[in-house]
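Take a look at the structure below.
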Amino acid sequence: MILIFDYFETIVHNKSIDFNRGLKDLWKEYYKDKCSFEEISKVGEELFEHILKMHEQGLEYRFVKDELPEYAARYGGDIITMTPEEEANFLMKCNEMEVLPSILEALATFEQMGIPMYVLSNSGFTADALSVALERLGIRKYFKNVWSSADFGKIKPNREFFEIAITSALSDNPAATKEDIIFIGDMYETDVRGSNSAGIDVIWLNYKNEPNIDNLSLRSISSTNELPDIVKTLYNKRKPL
């Protein structure tokens, strides 16, 4: 068995989200003498609308490579560059994160069972930045690799994005086959449809008891508390790697 997890609301919960928290620090350091915070905040709102339109096209809008150059173009100065640590600082300023209930215990259990684990996320922030955030939350050690749509350029449910993770995971685990892979995520549109399109099993964290409108192949649970039991049941039906 191989487990690939979604990131937000699957292993990590955003207690609060406010892009302006991160943007204010950016403004103070780079643009305070070039514009008011209200002006740059309005640009941030415009770019958010642009992000939504790009997502409708299945494309990712990258924070460092796409968004930061926009501020430089509008207000002057050098294009801001960020290390993964700095990018994670911005991300965690905007998103007040915590590990979801029961996930820490579940990850430790799966590690003891010898199950390889990975993360595949839709995010405008790079995999390196997401990894730094996971490290700070104390759970990066459980995952062999992290992939972000910010690096790929397209978002789930894009089949190619899933196949990058599938190919890499199978390369890491040569005794495994595609049938051994299970994706775990909370979003029907991106996680369930994407997994089905890529031909892998999926456990849907269906927090809101939503309908399986396409009658897709899936296993549905309503809480992370149920995750260890369903994974153990499936593990016992599959050959060890």
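On the beta carbon distance between Thr167 and Asp33, with R0 = 35 Å, the FRET formula returns roughly 0.15.
Summed over qualifying helices (DSSP H, 4 residues or more, each -39500 (n - 2.57)) and divided by its residue number, the chain shows a 222 nm mean residue ellipticity of -12500 deg cm²/dmol. Put simply, the amide H of Ser121, placed in the peptide plane, has neighbours under 5 Å in Trp147, Ser148, Ser149, leaving out anything fewer than 5 places away on its chain.
Modelled spin labels at Lys65 and Lys53, positioned 7 Å past Cα toward Cβ, are 2.1 nm from each other.
Rounded, prolate or oblate: which fits the range 126-241, taking a ≥ b ≥ c as square roots of the Cα gyration tensor eigenvalues, rounded meaning a/c under 1.5, else prolate when a/b beats b/c? The partial results should precede the final answer.
Values: a/c = 1.26, a/b = 1.17, b/c = 1.08.
Rounded.
One chain, two ends: Lys15 and Tyr207. Fully extended at 0.36 nm per residue, the span grows by 67.5 nm beyond their Cα-Cα distance.
Counting Lys and Arg as +1 and Asp and Glu as -1 over every other residue whose Cβ lies under 13 Å from the Cβ of Trp27, the net charge comes to +3.
Accessible area per residue, 1.4 Å probe, Å², for the range 66-105: what's the number? Before the final figure, lay out the partial values.
Values: 2030 Å² over 40 residues.
Normalised by residue count, the accessible surface of the range 66-105 is 51 Å².
Computed from the C-beta positions of Asn145 and Asp214 and an R0 of 30 Å, the FRET efficiency is 0.55 to the nearest 0.05. Full extension of the chain between Asn225 and Lys237 gives 2.3 nm of extra length, using 0.36 nm per residue less the Cα-Cα distance. Computed extension gain for Ser102 through Glu85, at 0.36 nm per residue and net of the alpha carbon distance, reaches 3.4 nm. Protein heavy-atom surface of the chain, 1.4 angstrom probe: 48% of the accessible area is carbon and sulfur, with nucleic acids and ligands not counted.
The values are calculated or read from the model by the stated rules, or taken from the named source; none is laboratory data. As the structure is a prediction and not an experimental result, all values here were calculated from the model. Neighbour counts run over all protein chains shown; Cβ positions are idealised from the backbone, glycine included. In case anyone asks, the SASA skips ligands and DNA or RNA and just uses the protein heavy atoms, side chains included. Shrake-Rupley method; radii C 1.70, N 1.55, O 1.52, S 1.80 Å.
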